[in-house]
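Enquirer: Shown below is the structure under consideration.
Every read-out reported here was derived from the displayed coordinates using simple, explicitly stated rules and does not represent laboratory data. The model shown is predicted, which means the values in this text are computed figures rather than measured ones. With ideal geometry, Cβ positions are generated from the backbone for all residues, glycine too; neighbour counts draw on all protein chains shown.
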Amino acid sequence: MLESIWTLLNLIRVYTKKRGEKPDFEDGLIVRNGTTVEHVCRMVHRTLVDQFKYALAWGTSVKFSPQRVGLSHVLQNEDVICLVKK
């Protein structure tokens, strides 16, 4: 039932992590399917996009774990990303 609601609303979970720490699977970000790294940066802080250098991604949206990705990378359900600033 709950999974069908997530599917109908087109929502996914994305988790963030800090460098050198384990991801926090308790507090994920709830975003629409098709969300990019840029959208997540803007959700975390509005000036983070200007300071963005790259992101490391783990999950089904990347071929290698971790993989270095840019702002236009599209995230998938239960991906983990680590945002790196300049």
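Enquirer: Using the Cα centre of the chain as the reference point, and only Cβ charges (+1 on K/R, -1 on D/E), how large is the resulting charge dipole? Debye, rounded to the nearest 20. Working shown, then result.
Expert: Working: 13 positive and 9 negative charges, 97 e Å.
Dipole size: approximately 460 debye.
Enquirer: Sticking with this one: Under a 10 Å cutoff between Cα atoms, tell me which one of 20, 70, 59 has the largest fluctuation in the Gaussian network model of the chain.
Expert: 20
Enquirer: Once you list every other residue whose beta carbon is under 12 Å from the beta carbon of residue 48, what net charge do they have if Lys and Arg are +1 and Asp and Glu are -1? Numbers along the way, then the final one.
Expert: Numbers: positive: 42, 46, 53, 85, 86; negative: 38, 50.
So the environment of residue 48 carries a net charge of +3.
Enquirer: Which residue, 17, 63, 53, has the most motion in a Gaussian network model of the chain that connects Cα atoms within less than 10 Å?
Expert: 63
Enquirer: Can you tally the net charge around residue 85? Count Lys and Arg as +1, Asp and Glu as -1, for every other residue whose Cβ sits under 12 Å from the Cβ of residue 85.
Expert: Details: positive: 18, 19, 53, 86; negative: 50.
Its environment carries a net charge of +3.
Enquirer: Grab the other residues whose beta carbon is less than 14 angstrom from that of residue 23, score K and R as +1, D and E as -1, and report the net.
Expert: Details: positive: 13, 17, 18, 19, 22; negative: 21, 24, 26, 27, 78, 79.
Result for the local shell: -1.
Enquirer: Distance in nm between label sites at residue 21 and residue 49, each 7 Å beyond Cα in the beta-carbon direction?
Expert: Between residue 21 and residue 49, the label points sit 2.5 nm apart.
Enquirer: If I build a Gaussian network model for the chain, linking alpha-carbon pairs within less than 10 angstrom, which residue out of 68, 19, 32 has the largest mean-square fluctuation?
Expert: Fluctuation is largest for 19.
Enquirer: Next up: Which GluC sites (Glu not before Pro) does the range 14-86 hold that lie in a coil by DSSP with at most 14 other beta carbons within 10 Å? Let's see the in-between values first.
Expert: Working: sites: 21, 26, 38, 78; in loops: 21, 26, 78.
Answer by residue number: 21, 26.
Enquirer: Do any chymotrypsin sites (Phe, Trp or Tyr not before Pro) in the range 13-86 lie in a loop, going by DSSP, with at most 16 other beta-carbon atoms within 10 Å of their beta carbon, and if so which?
Expert: 25, 64
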